[in-house]
Every structure is written in structure tokens, then in C-alpha cells.
Amino acid sequence: MTTLTSPGSVEMSAGDELVRVRWVMPEGFFELPLDVETIEELGDQLLDLAARVLSKADFELQAQWAAMCAASYDFLVDAGVQYAGFVMTEVDEVRCTANVQISMTDLPPQAAPDPVGILASAVRDLDIGEVTEVLLPCGPAVTCVGARQATVDGSLSESGSDEPFWTSFIQVQVPLPNATVVVLEMTTPTQEGWEVFSSMFAGIVKSLRLYDVEGAPVRAA
């Protein structure tokens with residue numbers, strides 16, 4: 001369950017042992033609705049979001065955009081995404097966009113003796129980018145910077161065929177003391193905005209804080 005606790009901040013719980021994870025989002029982010037119970041409720045909220053994101057577009061275009069977002073929800077659920085948002089801005093007169101997702105996953109049992117070291121080794125084995133072990137204000141973490149190929153479904157592309165494109169990403173994995181991992185990831189298909197977005201994401205990651213059920217700060221595993 002993800003709830004807005006104050007402007008720009010989100011709080012969630014994970015695992016059998018309660019750990020509250022909180023971070024701060026910069027201004028200008030649009031948040032995808034994740035706390036919905038029916039398809040109809042999701043459709044209504046995505047149409048409301050489309051009206052804000054594409055305020056100058058006609059309803060048909062807004063509806064198409066909402067449908068495109070809805071098509072990604074199976075992936076969001078399967079990936080355990082707790083927060084998904086995006087921002088749009090201009091960098092050197094180029095329209096740029098970036099997505100930020102925050103999800104939860106279980107820590108492999110074999111990682112218990114050295115969570116960060118084993119997570120780093122596992123990500124290196126994937127060979128998807130440059131992997132580094134870092135120390136955040138909330139504790140140790142693993143970062144990965146790279147690029148991956150994605151595909152726009154033909155039903156949503158101008159050509160009517162599936163269209164591949166590359167996205168650059170930064171992923172940060174923070175092992176929690178309750179045998180779970182919080183994963184933060186920023187992706188952007190617009191290389192012109194990479195420096196702006198990577199700096200913005202660094203601020204989000206550094207804002208991450210962990211609390212126990214009593215509200216006392218705790219450190220990452």
C-alpha cells in the first residue's frame with residue numbers, strides 16, 4: 001500500500017517486520033494511480049491524469065494516452081511497483097521526459113551474510129551496466145547505470161508496427177533489515193536530459209529514510 005503522507009513524500013510498509021520507507025519527490029512529477037480497486041476506477045483516474053498532463057489536447061488524444069498508460073499496469077503489478085511517476089521538461093529547447101519507479105522485492109536468503117556484496121555480484125552477472133557499491137544516508141546500497149532496449153507496441157505507434165527504442169537508466173537497490181529490498185529506478189529515452197534527470201534522481205535517492213513501527217530511524221541491512 002502506498003500513501004501520500006505530505007507534499008512530495010511517500011510512505012510504504014514492507015515484509016513481516018514493519019519497515020517504513022520514505023522518500024521525497026521533486027516538484028513537477030505526475031504520479032500514476034496505483035491504489036485502485038477496479039478497472040473502472042483506474043480508467044477514471046488515468047483520464048483525470050491525462051487531462052492534466054495533456055491539458056491542451058482534445059479528449060481523443062487524452063484517451064489514447066490513458067490507454068497507453070493502462071497497458072503498462074500488468075508490468076507494474078508483476079514488478080511489485082509501489083510508486084510510479086514521471087516528469088516532463090525542456091533541456092536546451094528539447095522536450096525531455098523521465099520516469100521514476102520504486103518497488104519492493106524479497107532479498108534472496110543466500111544474501112543474508114553480505115546483502116550489498118551479493119546483490120552487487122548478482123547485478124554484475126546480468127551485465128546490464130556499471131555496478132557500484134555506495135553508502136547512502138540510510139545505509140549501504142548498490143547502483144547500476146546502463147541502457148536497455150524497449151519496444152513501443154504497434155497499436156500505439158504511428159507506423160502501426162512495434163518500434164524499438166533505447167532508454168538510459170539508473171537503478172539503486174537498498175537491502176532492508178527485514179529481508180526485503182527497495183529498488184529505485186530512473187529511466188529516460190531522451191539523452192539530452194540525462195544530466196538533469198540523473199542529478200534529480202540522486203536527490204531522491206539521498207532523501208530515502210527508513211523507520212521502524214515506532215517511527216524510530218533504522219539503517220539499511
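What the table below lists for this structure:
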| read-out | value |
| --- | --- |
| Per residue accessible area of segment 59-192, 1.4 Å probe, in Å² | 53 Å² |
| Rg/Rh (Cα only; Kirkwood hydrodynamic radius) as it applies to segment 62-121 | 1.17 |
| Kirkwood Rh, Cα atoms: Rg over Rh of segment 11-86 | 1.03 |
| Cα pair distances exceeding 30 angstrom across the chain, given as percent | 26 percent |
| Selection from VAL145, PHE165, GLN82 lying farthest towards where the dipole of the chain points positive, charges on Cβ | VAL145 |
| Acute angle (nearest 10 degrees) that the helix 115-126 long axis makes with the longest principal axis of the chain, alpha-carbon atoms | 40 degrees |
| Rounded percent of accessible protein surface that carbon and sulfur make up, the chain, 1.4 Å probe | 52 percent |
| Point-to-point label distance, ASP92-ASP78, nm (Cα→Cβ direction, 7 Å offset) | 3.7 nm |
| Nearest-10 value in Å² for the accessible area of MET25, using the 1.4 Å probe | 20 Å² |
| Value at 222 nm in deg cm²/dmol, rounded to 500, when DSSP H runs of n ≥ 4 in the chain each add -39,500 (n - 2.57) | -8000 deg cm²/dmol |
| 15 Å cut-off, amide nitrogen to a point 7 angstrom out along ALA112 Cα→Cβ, residues in segment 180-211 | 180 |
| For ALA98, distant residues with modelled amide H under 5 Å away | VAL87 |
| Size of charge dipole - segment 68-221 - debye, nearest 20, with Cβ of Lys, Arg +1 and Asp, Glu -1, no other charges | 560 debye |
| Gained length - ALA122 relative to THR105, 0.36 nm times residue gap less alpha-carbon distance | 4.7 nm |
| Burial order of peptide ranges 90-102, 166-178 (average beta-carbon count within 10 Å, highest first) | 166-178, 90-102 |
| Cα centroid of segment 57-77 to Cα centroid of segment 195-221, whole Å | 30 Å |
| Kirkwood-Stokes translational diffusion coefficient of segment 93-132, alpha-carbon pairs, 4 °C, 1.567 mPa s, µm²/s | 101 µm²/s |
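The values are calculated or read from the model by the stated rules, or taken from the named source; none is laboratory data. The structure presented is a predicted model; accordingly, all values stated were derived computationally and were not measured. Every residue, glycine as well, gets a Cβ built from its backbone with ideal geometry; the counts of neighbours run over all protein chains shown. All accessible areas refer to the heavy atoms of the entire protein, side chains included, with ligands and DNA or RNA removed. Shrake-Rupley method; radii C 1.70, N 1.55, O 1.52, S 1.80 Å.
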